[in-house]
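Visitor: Okay, here's the structure, questions in a sec.
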């Protein structure tokens, strides 16, 4: 079943296994078209915790971007063992696909990754702390 709403914070959203819409993401000096998604159970509306996280994301993503790159670079170096990876390599190897707003107010960006092709890569902000890993870790 497909349902449409006009949320006061998210804007026009469609329900299909969660609330979604296409949106623009400015990250690392580049603009991407991504899915914006708010987790929801069948029949649930978007929660205030998700609206708050959406507003924080829009207001603070630029502040988080340097730390996101640093944490991601460290992950690829120390967990995956990729040698001599730099910021430009990270940006070139990750394509953001979805910004996910969880019911608990945390949010994350899900990426296609040339290094984590099977599991994808994710950067999540949980209680204002940045965590990185494959998507399976967070989903």
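Every read-out reported here was derived from the displayed coordinates using simple, explicitly stated rules and does not represent laboratory data. Please read these numbers as outputs of a predicted model, since none were measured by experiment. Positions of Cβ are backbone-derived with ideal geometry, glycine not excepted, and every protein chain shown enters the neighbour counts.
Visitor: So which residues in the stretch 101-129 are in contact with a helix residue (DSSP H, G or I) (Cβ under 7 Å, 6 or more places away or on another chain), outside any strand (DSSP E or B) and either on the phi > 0 side of the Ramachandran plot or touching a residue at least 60 places away in the same chain (Cβ under 8 Å) (or both), if there are any at all?
Guide: Scanning the stretch 101-129 gives 103, 105, 120.
Visitor: Of all residues in the stretch 9-24 being surrounded by fewer than 19 Cβ atoms within 10 Å (Cβ to Cβ) and either in contact with a helix residue (DSSP H, G or I) (Cβ under 8 Å, 6 or more places away or on another chain) or touching a residue at least 24 places away in the same chain (Cβ under 8 Å) (or both), which is farthest from residue 110 (Cα to Cα)?
Guide: Of everything passing the filter in the stretch 9-24, 9 is farthest from residue 110 (Cα to Cα).
Visitor: For the condition surrounded by 15 or more Cβ atoms within 10 Å (Cβ to Cβ) and out of contact with any strand residue (DSSP E or B) (no Cβ under 7 Å at 6 or more places or on another chain), what is the one hit in 36, 73?
Guide: Exactly one of 36, 73 is surrounded by 15 or more Cβ atoms within 10 Å (Cβ to Cβ) and out of contact with any strand residue (DSSP E or B) (no Cβ under 7 Å at 6 or more places or on another chain), namely 73.
Visitor: Another one. Criterion first (touching a helix residue (DSSP H, G or I) at 6+ places or on another chain (Cβ under 9 Å) and more than 22 Å from residue 10 (Cβ to Cβ)) does residue 64 satisfy it?
Guide: For residue 64, the condition - touching a helix residue (DSSP H, G or I) at 6+ places or on another chain (Cβ under 9 Å) and more than 22 Å from residue 10 (Cβ to Cβ) - is not met.
Visitor: So which of 46, 82 is out of contact with any strand residue (DSSP E or B) (no Cβ under 9 Å at 6 or more places or on another chain) and surrounded by 14 or more Cβ atoms within 10 Å (Cβ to Cβ)?
Guide: The conditions single out 82.
Visitor: Take residue 90 and tell me if it is part of a helix (DSSP H, G or I) and in contact with a helix residue (DSSP H, G or I) (Cβ under 8 Å, 6 or more places away or on another chain).
Guide: Yes; evaluated as a whole, the condition is true for this residue.
Visitor: Report whether or not residue 132 is buried (at least 18 other Cβ atoms within 10 Å of the Cβ), on the phi < 0 side of the Ramachandran plot, part of a strand (DSSP E or B) and in contact with a helix residue (DSSP H, G or I) (Cβ under 6 Å, 6 or more places away or on another chain).
Guide: So residue 132 fits the description; yes.
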